[in-house]
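Here is the structure we will look at, set down as structure tokens.
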Amino acid sequence: MISEFDAIYENGMLRPLVPLQLAEQERVKLTVKRDDVEGWMDVEYMESCAAEADESITLESVRESLAKIKGSMDAAIDETRGEY
């Protein structure tokens, strides 16, 4: 059985915020995922990208453009940028 629940880390222990249906001394496997998404995402950069985004470009037009590329994407990028 897999269950997901919120917990708080305090005094060196994880404390679930809801009652768990577990037997006394039952072994479980924990995966810890931090709730703090803001801590690892560059929100300022994402906001600046959103501000510069061209709303007139559709997903379909991007797909059409990408479909015209023959061979590998690496080769197409090298052809456009040239050697470094």
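The values are calculated or read from the model by the stated rules, or taken from the named source; none is laboratory data. Please read all numbers here as calculations on a predicted model, not as lab measurements. Using ideal geometry, Cβ is built from the backbone for each residue, glycine included, and neighbour counts are taken over all protein chains shown.
Just one of Met46, Met41 is part of a loop (DSSP other than H, G, I, E, B) and either of a type in the set (D, E, K, R) or surrounded by 10 or more Cβ atoms within 10 Å (Cβ to Cβ) (or both); which is it?
Working: Met46 fails: part of a loop (DSSP other than H, G, I, E, B).
Matching residue, one of Met46, Met41: Met41.
Please indicate, with yes or no, whether at least one residue in the range 16-31 is modelled with pLDDT of 90 or more, surrounded by 10 or more Cβ atoms within 10 Å (Cβ to Cβ) and not in a loop (DSSP other than H, G, I, E, B).
Within the range 16-31, one or more residues are modelled with pLDDT of 90 or more, surrounded by 10 or more Cβ atoms within 10 Å (Cβ to Cβ) and not in a loop (DSSP other than H, G, I, E, B).
Could you tell me whether Ile57 is touching a helix residue (DSSP H, G or I) at 6+ places or on another chain (Cβ under 7 Å), without any contact (Cβ under 8 Å) to a residue 60 or more places away in the chain and assigned to a loop (DSSP other than H, G, I, E, B)?
When the stated conditions are applied, Ile57 does not pass them.
Sort through Glu60, Glu64 and tell me the only one that's more than 29 Å from Glu4 (Cα to Cα), among the charged types (D, E, K, R) and surrounded by 10 or more Cβ atoms within 10 Å (Cβ to Cβ).
Glu64
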